[in-house]
Every structure is written in structure tokens, then in C-alpha cells.
Amino acid sequence: MLLLNPRTPSGRRAEILAADFPDLPDHIWLATSGTGGTLKIVALSRTALEANARAVNAHLGALSGDVWINPLPLFHVGGLGIVVRSALSGAKWQQFGPWDPEEFVRSASSRHATLSSLVPAQVHDLVQRQQRAPASLRAVVVGGGALDESLRAKAASLGWPVLPSYGLTEAASQVATADPGTADFEWLPLLPHVQARVSEGGLLELRGPSLLTGWMVFDDCGATRWKDPKNEGWFRTSDRVDLRGRQLKMLGRADDLLKIRGELVDISALERALQARVAGGAVCVQADPDERNGFTLRLVAENAVAVGQARAATDIFPPFACPVSVQIGEIPRTASGKILRVR
């Protein structure tokens with residue numbers, strides 16, 4: 001079964017549907033929700049999806065009496081994962097959409113929802129609208145991108161039992177998730193179904209039953225090819241991490257490290273520092289290719305107040321990477337809410 005975003009451009013959709021996919025019974029195909037690069041359609045087996053779902057259910061203590069409310073689309077591995085978890089535990093689940101913060105709270109309250117999953121952009125919306133969490137919710141897993149600590153704290157002050165997590169489509173959703181009731185959100189415990197190690201280059205590598213079978217790669221030139229990216233069962237991610245036993249600390253993505261005037265710059269770290277000084281974190285860093293300098297940076301803020309605060313905070317940038325402009329605009333994101341930084 002192929003699950004595609006209905007907003008996929010018609011030309012791209014036709015290209016995908018015309019591709020010669022391998023015959024893989026009991027598999028679901030999902031487009032990766034990463035921040036850029038070549039399109040990949042991931043093949044996830046029923047075994048992989050169920051292995052992940054069992055681990056998440058155990059971590060959250062999800063049982064047949066729970067009620068999931070799902071604001072994520074089913075073409076997103078986080079949304080699909082809720083369906084599989086519910087099927088295995090016997091819990092009820094309710095699909096919610098399109099996204100509306102107030103209506104989401106009303107719907108969760110009326111259904112006495114106990115569990116949910118959000119992306120950081122949705123948490124941001126709930127906080128901005130000062131929406132208090134329904135009393136019935138006991139855990140809300142937040143994935144699809146890094147959850148800023150200031151945003152997490154603001155959500156918690158409104159009663160939202162948010163649990164930051166790390167996951168990816170290629171691992172059938174969650175890999176590491178904060179423990180319910182924890183006070184430590186910097187280090188995330190790995191779920192028991194995965195093994196992890198760090199490569200020489202500092203990238204996270206994973207092994208376990210929830211990993212993809214392979215993916216169809218759609219090159220920019222229009223060619224397609226099937227590939228199993230695992231090496232002796234290990235899948236190398238593009239994420240830089242620290243690993244302490246079975247505790248995982250995210251450092252950023254490898255593609256967030258850019259060369260500007262010959263210097264290596266971690267734009268994700270700069271963005272986090274910038275967001276800490278802007279109300280609501282309503283700003284992002286954009287990187288534009290530059291023939292002379294490699295890249296130039298500019299800031300995009302959601303409103304006039306954020307623009308002023310962002311301009312005042314540009315002193316955090318090294319002189320060679322100082323943003324060339326600060327502008328009002330919509331922060332560009334993927335369908336799952338991840339910020340698109342490199343154009």
C-alpha cells in the first residue's frame with residue numbers, strides 16, 4: 001500500500017505511480033519526511049510497524065482502555081503508528097483534522113482522550129493560543145523535529161504532558177522517547193527494540209526489527225532505483241548525537257553543518273540560541289547558496305515583534321556568518337512541521 005500526501009504535485013505523483021516498485025507483500029510505502037534532498041519512498045513491513053508499536057505501547061503503558069486522538073496524517077509515520085498501536089493494544093483511536101488548536105482541545109476533551117502525538121509546530125500553536133490541556137490526557141509524544149526547551153516548558157505550564165521524542169520514517173516512528181513523569185528532557189531513553197551506536201563521524205546508527213526493508217530513490221534526473229541502505233543490519237541516519245549507554249542526546253543534523261567563508265557553522269545551534277531570545281521562538285534561519293561564500297544566512301520571523309527581537313539578537317552570529325536580512329514571513333516547514341532551512 002502506497003500512502004502519499006494528497007498535496008503531492010501532480011507531476012511528482014505521476015512519476016511515483018509510474019515507478020517499478022518491487023513486489024513486497026505486507027508492506028506500506030511512505031515518503032520520508034526529512035528536511036531535504038532526493039525523494040525516497042520507504043518500504044516498511046508489517047513486522048517493522050508492529051515491532052515499533054509494541055515498544056511504544058510498553059513505554060507509554062498504553063492499554064485497551066486508552067483513547068488516542070490523532071492529529072497527524074496517516075501518510076506520516078507518526079500518524080500511521082497510532083493506528084498500529086491502537087490495533088495491538090485494543091485502544092480506541094480518533095482521527096482529527098484539519099489542524100485547528102481550539103477544535104483539537106475541544107475534540108480531545110469530548111472524547112476523553114488519554115494519549116496523542118504532535119509535531120513541534122502544533123505545540124507552538126497551542127501555546128500561542130494559550131490552550132490548556134484536557135484533564136484526561138496523560139501523555140503527548142512530540143516528534144517530527146526538535147522540541148525547543150522553552151516551548152516545552154510553556155506547554156507544560158498549560159498542563160500539556162509533552163514527551164519529546166526522536167524517531168524517523170526509516171525506523172517506523174519512535175526510536176527514543178522521554179519517560180512519562182521525567183524531569184530530564186535532554187537525554188532520551190532508547191526504546192528496547194532498537195540498538196544504537198555512533199559512527200566515526202558522530203552520526204547515529206540503528207539496528208533492530210523496526211527498520212525499513214529498503215527505499216525507492218527518485219533522483220533529480222528522473223531515474224529511480226531500489227536500494228537497501230542498511231549495512232549488516234545497521235542503518236546510518238543523518239543525525240548527530242551523543243550516546244550514553246542507552247540514553248540519546250540530539251546534537252543536530254549533519255546537513256545543518258554548513259561551510260560559510262571556509263568556516264563550519266552549525267545553523268541548528270544558532271537557530272536554537274536565536275529562538276531563545278525571540279518571543280514564542282517565532283523565527284528561523286534560512287541558508288541560501290552563495291557562489292563566493294558557500295552560503296549566506298537570512299532570518300525569517302512570523303511577526304513584527306519577532307523581527308525586532310531577531311535583529312537585536314544577531315550578535316550571537318559570528319561576523320562571517322551574520323544574517324544579510326531579517327524579514328517577516330511564514331516559516332517554511334515540511335508537512336510534518338520540520339523547518340526547511342536550506343533552499
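The values are calculated or read from the model by the stated rules, or taken from the named source; none is laboratory data. Keep in mind it's a predicted model, so treat the numbers as computed, not measured. Positions of Cβ are generated from backbone atoms using ideal geometry, with glycine treated the same way; all protein chains shown enter the neighbour counts. Each accessible area value is taken on the protein alone, full model and side chains, heavy atoms only, with ligands, DNA and RNA left out. Shrake-Rupley method; radii C 1.70, N 1.55, O 1.52, S 1.80 Å.
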task = May I ask for log10 I(q)/I(0) of the chain at q = 0.08, 0.12, 0.13 Å⁻¹, from a Debye sum over the Cα atoms as equal point scatterers with solvent left out?
result = -0.39, -0.91, -1.08
request  = Answer with one residue from T47, L30, S268: the one whose Cα lies farthest towards the positive end of the charge dipole of the chain, charges on Cβ with Lys, Arg +1 and Asp, Glu -1.
outcome  = T47
note = By the Kirkwood definition, with r running over pairs of different Cα atoms, the stretch 1-98 has a hydrodynamic radius in Å of 14.8
query = If you keep only loop residues by DSSP, which GluC sites (Glu not before Pro) in the stretch 22-104 have at most 12 other Cβ atoms within 10 Å of their Cβ?
reply = none
inquiry  = A 19 angstrom limit on the alpha carbon distance is what I want to check against. Which of K40/K227; K230/K338; K40/K230 exceed it?
reply    = K230/K338
ask   = For the stretch 228-343, what is the largest minus smallest coordinate of the Cα atoms on each principal axis, given in angstrom and ordered from greatest to least?
value = 51, 34, 28
inquiry  = Of V123, V141, V105, which is farthest towards the positive pole of the chain's charge dipole, taken about the Cα centre with +1 and -1 on the beta-carbons of Lys, Arg and Asp, Glu respectively?
reply    = V105
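Write down the accessible area per residue of the stretch 77-225 in Å², having rolled a 1.4 Å probe over the full set of protein chains.
For the stretch 77-225, the solvent-accessible area averages 40 Å² per residue.
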task = Kindly provide the trypsin sites (Lys or Arg not before Pro) of the stretch 1-85 that DSSP labels as loop, not H, G, I, E or B, and whose Cβ sees at most 11 other Cβ atoms within 10 Å.
result = R7
key: Cα-based equivalent ellipsoid of the stretch 1-58: semi-axis lengths in Å, sorted from largest, via gyration tensor   = 24, 15, 9
request  = Restrict the search to the stretch 236-325; then list the GluC sites (Glu not before Pro) that DSSP places in a loop and that have at most 10 other Cβ atoms within 10 Å of their Cβ.
outcome  = E291
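Per 0.36 nm of contour for each residue apart, how much would the distance between V324 and R292 grow if the chain were fully extended, relative to their Cα-Cα spacing?
Result for the pair: 10.1 nm of gain on full extension.
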task = With a point put 7 Å past each Cα toward its Cβ, work out how far R106 is from A58 in nm, to one decimal.
result = 4.1
ask   = Magnitude of the Cβ-charge dipole of the chain, K/R +1 and D/E -1, about the Cα centre, nearest 20 debye?
value = 460
query = Over all distinct Cα pairs, what is the inverse of the mean 1/r for the stretch 88-195, reported as the Kirkwood hydrodynamic radius in Å?
reply = 14.4
ask   = Considering only protein heavy atoms and a 1.4 Å probe, what is the carbon-and-sulfur percentage of the accessible area of the chain?
value = 51
